[in-house]
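See structure below.
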Amino acid sequence: MIPKQAVNMQDVAQRLGVSISTVSRALRGLPGVAEATRTRILREAEALSYVVSPAAATLAGGMIGRIGVLAPRVDAWFYSTVVAGAEQALRQAGLDTMLCCLPTSRDRFEFFERLPLRRKVDALIVVSFPLDTRSESRLSAMGIPVVTVSSPSTLFSSVTVDDHRAARLAVDHLVHAGHRRIGMIHTVDPENTPWAADLARVAGYRASLAAAGIDVEDDLIATVPWGIEGGAHGMELLLSMPRPPTAVFCFSDEVAIGAMRTLRRSGRPVPEAMSLTAVDDHPMAELMDLTTVRQPATEQGAVAGQLVTEMLAGAQARHVELPTRLVVRHSTRPIDLARAQES
């Protein structure tokens, strides 16, 4: 019998007459192995008291065993939640995660020029920030699988939600409640870089109003920096109008929380004096009783991790769109007709 301390992956492969890479995939739970073969390998490994070495498992398939995750930041709910979902899925597949934060366009430009993760990772997950033609070309030059999250790409696998539809769900809800003067608090990054979600949600807002026969007034769109402070300022801008809106669609829940603060300080109760909707279903949304459109952030990260493991096992690139749904709470109500006429 082979001494337990000397057992390696090659021993398991030789005993069963399969390749080392097949043993590696089976032991790490990766796709591409028939269930009957996987069962035989797991039983044989248990009989030999073989313990998987992450380094050996990955090297057997010519892999490093590490996946790079690129994100603009991790101190905001959406990004940190997506990264957490991806890390968990990758860890379950026996893969490590290397995180790189690229908060500015300059950081991203330098990363794509230098490609510091070349030969250090087996694949990349790019969370949310936009990729121009040059960036996509540089990523392709790395010759490894790439998955984008929340930024559709024609070159790489991607995981998205329909931000246009999410905005329409939020605004349609206000329209159905009788509101006709509906504002939006739109956000931009500090460098005014256009992001896919920003553009899609503004387009969805406009499409919802147009479908209801409501004239779109550009003055009703307040553009502010993303975040709670931005949301507070955006609501200040809308309230300063000669005819303020009766309802407001906010780019995200954090923005809506800031808007609520301004309304509270100005003595305008929600939803009696103003209805609010947003997108995300942040954990604070339930506490604030905010009507919002839920996007599955954790699931987006998990699916990205799944796509990476599939492609490392030979699968083709593919696009996955996850559903959104309206979560109605108590930040909205049907408009009072007398108040609407006064407005």
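Remarks
- Residue within segment 234-251 that is under 18 Å from Gly178 (Cα atoms) and surrounded by fewer than 15 Cβ atoms within 10 Å (Cβ to Cβ) present: yes
- Residue under evaluation Gln316, criteria (1) in the same structural domain as Ser80 (by TED's automatic domain parsing); (2) over 28 Å from Ala207 (Cβ atoms); (3) outside any loop (DSSP other than H, G, I, E, B), criterion not met: (3)
- Count - residues of segment 283-340 that are farther than 30 Å from Arg264 by Cα and among the acidic types (Asp, Glu): 3
- Residues that are assigned to a loop (DSSP other than H, G, I, E, B) and either at pLDDT below 75 or of a type in the set (D, E, K, R) (or both) within segment 64-84 comprise Arg73, Asp75, listed in sequence order.
- Long-range neighbours under 9 Å by Cβ, at least six apart or interchain, first residue free of Cβ contacts under 8 Å to residues at least 40 places away in the same chain within segment 316-337, second surrounded by fewer than 16 Cβ atoms within 10 Å (Cβ to Cβ): Asp336/Gly178; Asp336/Glu272
- Among residues of segment 214-247 being under 28 Å from the mean Cα position of the chain (by Cα) and in a loop (DSSP other than H, G, I, E, B), the one that is farthest from Glu191 (Cα to Cα) is Gly227.
- Residue match in segment 161-183 (condition: part of a strand (DSSP E or B), within 21 Å of the chain's Cα centre (by Cα), under 29 Å from Gly234 (Cβ atoms) and not β-branched (Val, Ile, Thr)): no
- Picking from residues in segment 278-297 that are within 23 Å of Ser151 (Cα to Cα) and of a type in the set (S, T, N, Q), the one that is surrounded by the fewest Cβ atoms within 10 Å (Cβ to Cβ) is Gln295.
- When the residues of segment 27-44 are filtered to those that are modelled with pLDDT of 80 or more and not in a helix (DSSP H, G or I), the one that is farthest from Gly314 (Cα to Cα) is Ala34.
- Inspection of segment 121-137 identifies no residue that is small (Gly, Ala, Ser), closer than 30 Å to Val270 by Cα and in contact with a helix residue (DSSP H, G or I) (Cβ under 9 Å, 6 or more places away or on another chain).
- Pairs where the first residue, in segment 199-225, is among the polar types (S, T, N, Q) and the second is assigned to a strand (DSSP E or B), C-beta under 8 Å, 6+ apart: Thr223/His186; Thr223/Thr187; Thr223/Val188
- Within segment 85-108, tally of residues that are in contact (Cβ under 8 Å) with a residue 40 or more places away in the chain and either polar (S, T, N, Q) or surrounded by fewer than 15 Cβ atoms within 10 Å (Cβ to Cβ) (or both): 4
- Search result, residues across segment 190-209 that are assigned to a loop (DSSP other than H, G, I, E, B) and touching a Ser or Thr at 6+ places or on another chain (Cβ under 9 Å): Pro190, Glu191, Thr193, Trp195
The values are calculated or read from the model by the stated rules, or taken from the named source; none is laboratory data. What you see is a predicted model; the values in this text were computed from it and never measured. Ideal geometry is used to build each Cβ from the backbone, glycine not excepted, and the neighbour counts take in all protein chains shown.
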